[in-house]
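One structure is given below, encoded as structure tokens.
Bear in mind that the values in this text are calculations on the coordinates, not laboratory data. Model, not experiment: these values are computed from the prediction. We place every Cβ from the backbone using ideal geometry, glycine too, and count neighbours over all the protein chains shown.
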Amino acid sequence: MTKATANLDLQSFIANILAPIPEGDEQADTPKFRSQIARDINRAWEEGKRRLRDAKVLLEAERVKDFHSPAERACLAQLHAETLRQCLLLAPTEKELRWKKRETDWRGQLLPEAVKRAIALDEKRFSGGAA
């Protein structure tokens, strides 16, 4: 190998290393890495569902005490906020994506753009597109 060829190979090597990673590719894309991502997505989803259940319990407790009270309205607002917060999380499976669509379907134009984007991202992931 000549010095010129070695220089060209080194320059090519450095260019490849410094090149940005293509969108959708992960530098450490291994089965273990993907499994960890799936566990993390599922853990976040389950924590969100727990917060949502807690908000529902509080709402029901307030309704038993005093129907249409200011406290009940505050609990209802909290329940709506937790629902939207849950919809911002990545859906672990298509089942959760369907849940997100059901929970937001009635909101129509009132649905925040961030939630619309989160649902669109999930749809893209489950349709085989890169996330």
Most exposed to least, judged by fewest other Cβ atoms within 10 Å, Leu10, Leu110, Leu90 sort to Leu110, Leu10, Leu90
Partners for Lys101 among lysines (Cα-Cα distance below 26 Å; same-chain residues under 8 apart left out):
Lys49, Lys56, Lys116, Lys124
Given Cα positions, please report Rg to Rh for the chain, the hydrodynamic radius being the Kirkwood one.
1.27
Enumerate the calculated ³J(HN,Hα) couplings along the range 81-94 in order (Karplus 6.51 cos²θ - 1.76 cosθ + 1.60, θ = phi - 60°), each rounded to whole Hz, writing x wherever the residue is Gly or Pro.
5, 5, 5, 5, 4, 5, 5, 7, 6, 5, 6, x, 9, 5
Hypothetical label at Ala38: residues of the range 88-131 whose amide nitrogen lies under 11 Å (7 Å Cα-Cβ projection)
93
Taking 0.36 nm per residue of separation and subtracting the Cα-Cα distance, what length does fully extending Asp66 through Arg85 add?
4.2 nm
Can you pull the one-decimal nm distance between simple spin-label points at Arg53 and Leu76, each 7 Å off the Cα toward Cβ?
2.5
Per-pair calculated FRET efficiency, R0 = 35 Å: Ala28 and Asp105 via Cβ, rounded to 0.05:
0.40
Grab the Cα-Cα distance for Ile21 and Ser127, subtract it from 0.36 nm times how many residues apart they are, and report the gain in nm with one decimal.
35.9 nm
How long are the three semi-axes of the equivalent ellipsoid for the range 33-110, computed from the Cα gyration tensor as the root of 5 times each eigenvalue, in whole Å, largest first?
28, 15, 8
Can you pull the three principal axis extents for the Cα set of the range 70-131, in Å, largest first?
46, 22, 16
Order of Ile17, Ile119, Ile37 from fewest to most other C-beta atoms within 10 Å?
Ile17, Ile37, Ile119
With the charge dipole of the range 33-126 built from beta-carbon charges (+1 for Lys and Arg, -1 for Asp and Glu) about the Cα centre, the Cα from Leu110, Trp45, Pro70 projecting farthest to the positive end belongs to Trp45
Over the chain, what is the mean sequence separation of C-alpha contacts under 8 Å (at least six apart), divided by residue count, expressed as relative contact order in percent?
22
0 to 90° range, to nearest 10: angle between helix 3-18 axis and the chain longest Cα axis:
0
